[in-house]
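Below is one structure, written out as structure tokens, with a few remarks after it.
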Amino acid sequence: FSHPPYFLLVGIPGLEKEQFWIAFPFCIMYAIAVLGNVTLLLIIKTEPSLHEPMYLFLAMLAFTDLVLSTSMLPKMLGIFWLGSGEIGFLSCLAQLFFIHTFSSVESGVLMAMALDRYMAICCPLRHSSILSVPAVVALGSLVLVRGVLLVSPFCFLLHRLPFCQHHVISHSYCEHMAVVKLACGDTRVSVMYGLFAAFIVTGSDVILISVSYTMILRVVMRLSSREAQLKSFSTCTSHICVILAFYVPALFTFLTHRFGQSIPPHVHIMVANLYLLVPPMLNPIVYGVRNKKLWDRVV
């Protein structure tokens, strides 16, 4: 098969001159993400009282965010600051694998956290017995295995495609569809499988999250006390903010690749970059500030 020895990542098409300065806020966001998520992991690990389902899921989310942001930002800074856009063919596939696998894992963890909120509010007496620590670990493992099994064929299918020395990727990192578009062979299987994997992951997780919060809303609205309603809603507000910050840019990026030819490339790629930086930066801030048990350990 005809593989180029390397691909050339251009960064943000149309903003090549501005990339040097764009890298500074990106770097600050990454630093906040690393500091916040590492702090969360250390607090949850060292504090036995936080070894509960909600905090274990939060630790999984923090670890996933660290892998996601680290998979793309160091190379992106090399492109923006040093003009080092070359990435080996296998290195590109490895970056693609980690980004898409842990995007799937993040979606799965958000779904698991929604189920945890549902159990805590709608079935509080059975919450601890159903979502025990072994059950939480098993659920996290299943989410990781799902991501690995669904994303591995991306790399296998791309490895089998000829590229005819087309090697310039109009993106800041190796994203599945951005690489598929360079192939000069029949890409229908890769495109269709990408749609299938996205539907399986995003579709099923969004449906379960929506059902969970619909059930939560029904239970909360039946509470007689206004104070109890507000308290129940407040426990879900953080999670809803995190869900929107993750899924809105993810769906925008996914749909733009396939149907958004009229959207300027620099807008698409900028959103795709922020999609992997904003949630990792936002998650520890949202949970750390709004969760009293975590905030007390931080201060």
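Numbers for the structure displayed
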quantity: Tabulated pairs, segment 67-94, first modelled with pLDDT under 90, second surrounded by 22 or more Cβ atoms within 10 Å (Cβ to Cβ) and assigned to a helix (DSSP H, G or I), C-beta under 6 angstrom, 6+ apart or interchain; calculated: Gly85/Ile79
quantity: Segment 127-157, subset within 20 Å of Ser49 (Cβ to Cβ) and open to solvent by 50 Å² or more (accessible area, probe 1.4 Å), residue farthest from the chain's Cα centre (by Cα); calculated: Ser129
quantity: Evaluation of Met60 against (1) modelled with pLDDT under 90; (2) open to solvent by 20 Å² or more (accessible area, probe 1.4 Å) (one fails), failing number; calculated: (1)
quantity: Within segment 26-72, tally of residues that are assigned to a loop (DSSP other than H, G, I, E, B) and under 19 Å from the mean Cα position of the chain (by Cα); calculated: 0
quantity: Residue within segment 103-126 that is open to solvent by 60 Å² or more (accessible area, probe 1.4 Å) and either among the basic types (Lys, Arg) or touching a strand residue (DSSP E or B) at 6+ places or on another chain (Cβ under 7 Å) (or both) present; calculated: yes
quantity: Subset of segment 235-266 [without any contact (Cβ under 8 Å) to a residue 24 or more places away in the chain and among the small types (Gly, Ala, Ser)]; calculated: Gly260, Ser262
quantity: Helices (runs of 4 or more DSSP H) completely within segment 163-278 that count 1 or more residues being charged (D, E, K, R) and surrounded by fewer than 14 Cβ atoms within 10 Å (Cβ to Cβ); calculated: 188-198, 204-221, 226-259
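Results for (1) touching a helix residue (DSSP H, G or I) at 6+ places or on another chain (Cβ under 6 Å); (2) of a type in the set (Phe, Trp, Tyr), shown as yes or no for each residue.
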residue	(1), (2)
Leu150	yes, no
Cys155	yes, no
Phe163	no, yes
Val168	no, no
Cys174	yes, no
Ala178	no, no
Cys184	no, no
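The values are calculated or read from the model by the stated rules, or taken from the named source; none is laboratory data. All of these numbers come straight from a predicted model, not from anything done at the bench. Glycine also receives a Cβ, built like all others from the backbone with ideal geometry; neighbour counts cover every protein chain displayed. Ligands, DNA and RNA are excluded from the accessible area calculation, which covers all protein heavy atoms including side chains. Shrake-Rupley method; radii C 1.70, N 1.55, O 1.52, S 1.80 Å.
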